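To keep things clear, I will list the structure first and then write my remarks on it.
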Amino acid sequence: MPEAPSEVSGSNLAAPIFVVGTPRSGTTLFASMLDAHPRIACGPETAFFRFATIDEGRRIQRDRNWPEQAVRFLVSLRRLRAGSVLEAYGLTEDDVRNELLRKPQSLRSVLEAIVVPFARRRGKPRWAEKTPIHVLHVNLLRGLWPQSVIFRVIRDPRAVAASLVKVPFGPTSATGAAYLWRHHDEAARDFFESDPRASTIRYEDLVADPEAVLRDVCAFLGETFAADMLAPGPDQNLAASGEEWKWRVAAPIDQSRVAAWRQELEPVDQERVALVCAAGMNRHGYDGAREAGGVVRVHVLRSRVRDAARLIEPAADAGYLLADTPADASFGSPLPEVVFAPGESGTTKPGTQASVASFVRLFVRLAGARLRGRPVSRVRWPEERAPRRSSRDLIAEAIVLLLTRRLTPNGVADVWSAVAASGPS
């Protein structure tokens, strides 16, 4: 772990703390240990930046009747299966309104209207917020809270996959979970390699020697180590109502969980995960990575394709790693590429809006690849029934059907071999 940033002293001692990472990586355990410190308060996940879109942030910052738009937003925050975020924090609409009236009109103030009174009520001067999916928003966190300390908890992707397939919000296959782990790891890689106020904690190290890791954590935070952190106890605040899968947060540290994936994950799934996550496994010191025999770019991998076990499992078995096609990439690169039709052509990335411009970009990219003699392949979605399609899907499908090359493999198992064979040598 890096040395504590020199700025964490004096008036900056109460800098906020964020805990991020792929779900089921040990973020709840680590956050519960922080919460057991006498100066740090960490409550349930807010998933704040999953809901605080760019448009929502603009509405809040332009609200002429501050803080009413922010209050409405906070009241509306509801996490699937965990209910109201305000209720999880023991706050009311009036509580957050009164808090916001004392704060400047900003998105930063809106989140602090939840976490600051929570910490104040518990008599703690420093707040922490733990939401794993915020690993995709670390640059935004740094921009809004320049002095914050951001921890990422990383865990062997085979253990994460074994756990994710058991929870109601996880991917439907171990291979899908592997792509989720890989996406989160790659998205935050540069940030955690370069930001002096960010640090990565390996779950395996935390469980094997919690005192040594937590002493380093406290030094990094500029805090004194507290022995209470080693046994958070049953009265922690990390699990909201309905999050039964977090029951271990109140249990003693169980070192046997480190290797439990060897029995919980089928050998074939262990191999699939080891291929998909090979680069990250090597980077974080996990043995058993499996080298891919080839790479196929998929547009858009992060949508339903990641949950299509019948597509992505045969790809891993054949030794192919599927890579997402960047939104601004040119089709027809030396890597073979594929789109899915109908309804899976992916004119836009998740979270963006379809527009005339997006359809023009799709047309230009596909047409450019075709003119260069490297047309993109398309494969029909292997379902008995086509997914429901909107008007924008139909427009995108027409573009895809016109400008791509159809592949007709005998079965799903040889889709990826056919795609790879169709690409340039």
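Overview of values
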read-out: Stretch gain in nm, segment Gln147-Ala227, where the contour uses 0.36 nm per residue and the Cα spacing is subtracted; value: 26.2 nm
read-out: Loop sites in region 93-176: chymotrypsin sites (Phe, Trp or Tyr not before Pro), DSSP, at most 16 other Cβ within 10 Å; value: Phe169
read-out: Accessible-area value, His183, 1.4 Å probe, nucleic acids and ligands omitted, Å²; value: 50 Å²
read-out: Fraction in percent of alpha-carbon pairs per bin - 5 Å, region 14-56; value: 5, 18, 27, 21, 16, 9, 4, 1
read-out: Globularity index of region 112-185, i.e. its alpha-carbon radius of gyration over 2.2 N^0.38 Å; value: 1.39
read-out: Separation of the Gln61 and Leu401 label points, Cα + 7 Å toward Cβ, nm; value: 4.3 nm
read-out: Surface per residue (accessible, 1.4 Å probe) for region 40-98, Å²; value: 51 Å²
read-out: Distance in nm between pseudo-label sites at Ile54 and Leu101 (7 Å out along the Cβ direction from Cα); value: 3.5 nm
read-out: Residues Arg283 and Arg361, FRET efficiency given R0 of 30 Å [Cβ-Cβ distance, rounded to 0.05]; value: 0.40
read-out: Accessible area in square angstrom per residue, region 136-211, 1.4 angstrom probe; value: 34 Å²
read-out: By accessible area with a 1.4 Å probe, ligands and nucleic acids excluded, highest first: order of Ile54, Ile60, Ile399; value: Ile54, Ile399, Ile60
read-out: Computed lengthening from Gln255 to Ala212, 0.36 nm per intervening residue step minus Cα-Cα distance; value: 14.0 nm
read-out: Bridge type composition, region 12-147 - antiparallel percent by DSSP, nearest 5; value: 25 percent
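The values are calculated or read from the model by the stated rules, or taken from the named source; none is laboratory data. None of these values were measured; they are calculated from a predicted model. Every residue, glycine among them, receives a Cβ derived from its backbone with ideal geometry; neighbour counts consider all protein chains shown. Only protein heavy atoms, including side chains, enter the accessible area calculation; ligands, DNA and RNA are left aside. Shrake-Rupley method; radii C 1.70, N 1.55, O 1.52, S 1.80 Å.
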